[in-house]
Amino acid sequence: MNIDMSIPKVPRGGSENARIPVTVLTGFLGSGKTTLVNHVLTAEHGQRIAVIENEFGDVPIDNALVIGGDEKIIEMSNGCCLCCTARTDLIDILNTLRDRADQFDRIVIETSGMADPNPVAQTFFVDDDIAAHFRLDAIVTLVDAKHIEQHLDEVHTDGVGNQASDQIAFADRIVINKIDLVTAEDIERIEARLRTINQTAGILTSRHGRVDLEKILGIAAFNRNARTVGEQDWLHDDAHTHEPTLSSESITVDGEIRLDALRAWLDAHVAEHGDDLYRLKGILRVAGADLPHVVQGIHQLYDVLPVDLPHPERSTLVFIGRNLDRAALDAGLSACRAEGAVLVG
């Protein structure tokens, strides 16, 4: 489904900058999300931040672990995961924050360790009123350096898949936390393994959740309309070694592509394979266009929009998901090439 994924409607009299940026913080159980939230709430950043927390279970406890401050902490104690039936509750909370007289500079949503971040992200595009007042800034995923490899090895056999790898696949920024518990060699190996799941996310490291907040907040990483540190190679692909349940395929065209053909192909592809397509990202040289175009998608939702960035040497699409067919993706993008363009191996 081709919809506007990057520039939703803005309120009359408002502007793109008037929309409140939202960071979705995810990560498997024990990765250090609450510790990072405490860092956000206590750091001297001079911003008013609303934190929406969700605890998986009947008795919410995370709020008791969060240090108080001037920021507003809202806990969704609905006993279910934010990624499922709580979407309506999330919309209600966002609308309440929107209507407050004392406005916030940004919002951080901390999902539970068992949450799928995809439906949370989709909330900001499928609800017109939410899209008009809020913009998804980035999906930030924390990983526990000590235990992430163990979690990634726990491949489920019930069709649900590995939640830890799913969260990594959706990330715009990955924070390898608790690096004080592992060696430099471990970190290098972990980063290489994360790259087999998600080639495009910027990767940071931290101890006790202490990370440079300018690298995870206000980075506009979801729509790639920002030139942030470490983002220059966000579509770089050197390897095709994949996790057993997830893969990442980078398809590159040396030259320009036809936008109408690309949209037609992607429409058909996401209609058939959208359930297995976790993320779709890309930057394209479009025939006849003055600016490059950025592709951004989640499952069946995607869009292609011009962006004020330098033209890339090549047009590249990255698919992250399950059951990806490399040959079919090569053929599909190849069919969208403008005359004279060449598909790179």
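Considering only residues of region 19-40 that are at pLDDT 80 or above and aliphatic (A, V, I, L, M), which is farthest from Arg100 (Cα to Cα)?
Applying the filter and picking the extreme gives Leu36.
Identify, from the list Arg100, Arg135, the residue that is modelled with pLDDT of 80 or more and basic (Lys, Arg).
Arg135
Of (1) under 26 Å from Ile197 (Cα atoms); (2) modelled with pLDDT of 90 or more; (3) of a type in the set (Asp, Glu); (4) touching a strand residue (DSSP E or B) at 6+ places or on another chain (Cβ under 9 Å), Glu272 satisfies all except one. Which?
(4)
For region 96-154, list the helices (runs of 4 or more DSSP H) that sit wholly inside it and hold at least 3 residues that are hydrophobic (A, V, I, L, M, F, W, C) and either touching a residue at least 60 places away in the same chain (Cβ under 8 Å) or open to solvent by 10 Å² or more (accessible area, probe 1.4 Å) (or both); which are they?
Output list reads 117-126.
Being buried (at least 22 other Cβ atoms within 10 Å of the Cβ) and over 16 Å from Asp260 (Cα atoms) is the filter here, so list the residues in region 297-316 that pass it.
Of everything in region 297-316, those that are buried (at least 22 other Cβ atoms within 10 Å of the Cβ) and over 16 Å from Asp260 (Cα atoms) turn out to be Gly297, Ile298, Thr316.
When both residues are 6+ apart or on different chains and their Cβ atoms are under 6 Å apart, which pairs have a first residue that lies in region 206-222 and is closer than 14 Å to Leu142 by Cα, and a second that is open to solvent by less than 20 Å² (accessible area, probe 1.4 Å) and among the basic types (Lys, Arg)?
Ile216/Arg173
Does Ala50 count as over 21 Å from the mean Cα position of the chain (by Cα), open to solvent by less than 40 Å² (accessible area, probe 1.4 Å), among the hydrophobic types (A, V, I, L, M, F, W, C) and at pLDDT 80 or above?
No, not satisfied.
Where the second residue is hydroxyl-bearing (Ser, Thr, Tyr) and the first is part of a loop (DSSP other than H, G, I, E, B) and lies in region 277-303, which pairs have Cβ atoms under 7 Å and are six or more apart or on separate chains?
Correct list of pairs: Arg285/Ser315.
The values are calculated or read from the model by the stated rules, or taken from the named source; none is laboratory data. For clarity, every value in this text was computed on a predicted model and none was experimentally measured. FYI the Cβ positions are ideal-geometry reconstructions off the backbone, even for glycines, and counts take in every protein chain you see. Areas reflect the complete protein model, heavy atoms only, side chains present, ligands, DNA and RNA absent. Shrake-Rupley method; radii C 1.70, N 1.55, O 1.52, S 1.80 Å.
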